[in-house]
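Report on the following structure.
The values are calculated or read from the model by the stated rules, or taken from the named source; none is laboratory data. The structure presented is a predicted model; accordingly, all values stated were derived computationally and were not measured. Glycine gets a Cβ as well: all are built from the backbone with ideal geometry, and neighbour counts include every protein chain shown. Ligands, DNA and RNA are excluded from the accessible area calculation, which covers all protein heavy atoms including side chains. Shrake-Rupley method; radii C 1.70, N 1.55, O 1.52, S 1.80 Å.
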Amino acid sequence: AVLHVRDDAEHRLKRLRDVLSRADRTLTEARAARVEVLSKILASEVPAVSGPATTLHEQLAAAEEFARGAQWHRLSPLLDGLEEHADEELLRARDSLTAVTAPLAVRAELRGRLDAYRAKTARLGMAEDPLIIERYDQARRLLWTAPCDLAAAERAVQRYQQAVAEIGTPRTPTDRAESG
């Protein structure tokens with residue numbers, strides 16, 4: 001068992017260094033993304049991003065010291081726990097990045113939806129309708145202004161979609177008489 005720990009130690013330590021390095025880079029990316037989101041999106045609920053897991057780095061340094069000192073009986077249990085915690089740290093960092101960038105993803109989805117509906121209006125020959133133009137301009141202005149108010153932009157895109165649906169729906173003579 002001791003020989004197995006000794007032979008496997010460098011591989012496991014290298015993997016741990018890699019996982020913790022990826023977690024640190026992901027957290028750094030999440031902190032930078034948070035600054036970007038706060039400048040581009042009007043949102044008070046962008047989660048804070050924690051710093052690197054210093055305890056895990058300290059444990060990794062201790063594990064490396066145990067390996068250098070051939071303290072295999074101390075190294076094995078430390079590596080077992082450290083590997084599990086390092087993987088959890090990487091998942092936490094990825095979740096943090098996803099949570100922080102979610103508002104940018106929502107804005108991108110709204111922009112895509114707006115563009116798709118604009119293409120639809122052009123195909124249907126409705127692009128020159130004054131209501132369609134007004135609703136499109138309103139939604140576009142909200143989506144391309146920083147900081148973007150996502151709630152207002154989403155409502156504007158929905159109003160645009162609704163206008164496209166209403167104007168794009170063929171009316172019968174009875175419908176026209178009732179609305180007039």
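Structure data summary
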| read-out | value |
| --- | --- |
| GNM result for the chain, Cα springs below 10 Å: residue of Ala48, Ala30, Ala156 fluctuating most strongly | Ala48 |
| (1) 16.3; (2) 20.5; (3) 17.5, with the label sought being that of the calculated Kirkwood radius over Cα pairs in Å | (2) |
| Kirkwood-type radius of segment 82-121, with distances r between different C-alpha atoms, in Å | 12.3 Å |
| Accessible surface of the chain, 1.4 Å probe, proportion on carbon and sulfur as whole % | 53 percent |
| For the chain, calculated [θ]222 nm from helices alone, where every DSSP H run of n ≥ 4 adds -39500 (n - 2.57) | -28500 deg cm²/dmol |
| Whole-Hz ³J(HN,Hα) from phi, Karplus 6.51 cos²θ - 1.76 cosθ + 1.60, for segment 73-81, glycine and proline x | 5, 8, 5, 4, x, 5, 5, 4, x |
| Karplus 3J(HN,Hα) series, Hz, for segment 120-126 with 6.51 cos²θ - 1.76 cosθ + 1.60 (x for Gly, Pro) | 5, 5, 5, 4, 8, x, 9 |
| Segment 7-126: relative contact order as a whole-number percent, Cα under 8 Å and 6+ apart | 39 percent |
| Chain lengthening between Leu131 and Arg94 when straightened (0.36 nm per residue, less Cα-Cα) | 9.0 nm |
| Long-range amide H partners of Ile41 with built H, under 5 Å | Cys148 |
| Gln71 paired with Ser50, simple spin-label distance in nm, labels 7 Å along Cα-to-beta-carbon | 2.6 nm |
| The chain: most fluctuating residue of Pro52, Pro103, Pro130 per GNM, C-alpha cutoff 10 Å | Pro130 |
| Residue of Glu88, Glu154, Glu65 that the Gaussian network model of the chain assigns the largest fluctuation, springs spanning Cα pairs under 10 Å | Glu65 |
| Net charge over other residues, Cβ less than 12 angstrom from the Cβ of Ala93 (K, R count +1; D, E count -1) | -1 |
| Per residue solvent-accessible surface (Å²) - segment 42-133, probe of 1.4 Å | 58 Å² |
